[in-house]
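This report refers to the structure that appears directly beneath it.
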Amino acid sequence: MAFQQPILNPIVPFSGPIFGGLSEGKMVLIQGVVQPFVKSFGVNLRCGNGDIAFHFNPRFNEGRPMVVCNTEQNGSWGAEERTYHVPFHPGIYFEVIINVKGHCYQVSVNGQHFLEYRHRLPLHTVQILEIKGDVTVNCINFTSPSISNVFAQPVYGVPAPTRKKVKNFPGQVPAALHNTPMTVTNPVVPFQVAIPGSIARTRKITIVGNVPFHANSFHINLKNSMTGNIALHINPRLRERALVRNTQTHGMWGSEERHLSTLPFAPGQAFQMEIMNTRKCYQVSVNGLYVFDYVHRLPANQVDQLQIAGDVTLSCVQY
């Protein structure tokens, strides 16, 4: 099975080869942000002869938002399949997973099953992925059947819209325009940002990034900007194959939590981490799989800052 590195921040329109083609069990992962004034965008799985085996096309400019699916063969389009339940929104981060099944393409959006599209052209003829239209793409990844479970559907999905309006800085999608969460695309690492109010109000943070091949470790801190106390320190250590969690109070670290059955990060792989604040603990998932709970050692309403540093590149942070 051909290995294909993640494609980070490609220019749209994008067209690139699918190494090894498509086969049952392969997944195509696309993470990005719908542009604020979107008319439409499209994802095509194209054959070597120019036919389009699967055309996935969210449209916002035809009166009623819809997603159109179709196949183009010998220059002619087939019968459209339309759905009017549209899980995409202007200015909002999204994750699309196309799961190749024996009889269909199975599409999930933001962790929820969305649709199935039965094959009209043979899988083995598909060689190219195309993305066009009013969309910013942060990451494209392909997984072979043996590792496709790494990109299972997210447990929580993307953050729900909020009415809070806050200031923007370069790289942010303007939240005030759409009453949405704050979204920072392609931030430079080390990255630090204020959490409006506190994480008790925000409730959820989504981090999309990639672990470089040479990575040793990186960390994510939820902290208080005034005291410097770190309520939650998440520290993947690739060489140790450990995921360390801890709290720092007045410069002193508490007892580490390390126990995990598997490490959900791997060199050369993209990831999506979601940190959900609940009344008793932080619940953390990576690539849709529950990873751990971390019981609060400091009050969540004191957490007003997010820090990310180390051997990691970021595509999108939403809070």
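The values are calculated or read from the model by the stated rules, or taken from the named source; none is laboratory data. Predicted model, so just to flag it, every value in this text is computed and none were measured. Ideal geometry is used to build each Cβ from the backbone, glycine not excepted, and the neighbour counts take in all protein chains shown.
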Practice item. Residue by residue through region 16-28, note down the ones that are at pLDDT 90 or above and either assigned to a strand (DSSP E or B) or out of contact with any Ser or Thr (no Cβ under 9 Å at 6 or more places or on another chain) (or both). Key: Gly16, Pro17, Ile18, Glu24, Val28
Revision key, fill the gap. Looking across region 255-273 at residues that are closer than 18 Å to Ile140 by Cβ and not in a loop (DSSP other than H, G, I, E, B), the single one that is nearest to the chain's Cα centre (by Cα) is Gln272
Revision key, fill the gap. Quick count over region 108-126, residues being closer than 23 Å to Asn9 by Cβ and touching a residue at least 24 places away in the same chain (Cβ under 8 Å), is 3
**Study point:** Enumerated strands (runs of 3 or more DSSP E) restricted to region 35-110, each holding at least 1 residues that are among the aromatic types (Phe, Trp, Tyr) and modelled with pLDDT under 95
**Key:** 93-100
Practice item. For Asp311, state whether it is of a type in the set (D, E, K, R) and touching a Phe, Trp or Tyr at 6+ places or on another chain (Cβ under 7 Å). Key: yes
Check your understanding: Of the residues that make up region 82-89, is at least one on the phi > 0 side of the Ramachandran plot, surrounded by fewer than 17 Cβ atoms within 10 Å (Cβ to Cβ) and assigned by TED's automatic domain parsing to the domain that holds Ser108?
Key -> no
Revision key, fill the gap. Note on region 277-319: residues of a type in the set (Gly, Ala, Ser) and surrounded by fewer than 19 Cβ atoms within 10 Å (Cβ to Cβ) are Ala309, Gly310
**Study point:** Test for Ser15: is it closer than 18 Å to Cys139 by Cβ and in the same structural domain as Lys132 (by TED's automatic domain parsing)
**Key:** yes
Practice item. Residues being in contact (Cβ under 8 Å) with a residue 40 or more places away in the chain, closer than 20 Å to Asp293 by Cβ, of a type outside the set (Ser, Thr, Tyr) and in a strand (DSSP E or B): count how many of those fall in region 199-234. Key: 11
Point to revise | Residue in region 232-247 that is touching a helix residue (DSSP H, G or I) at 6+ places or on another chain (Cβ under 8 Å) and of a type in the set (Gly, Ala, Ser) present | key: no
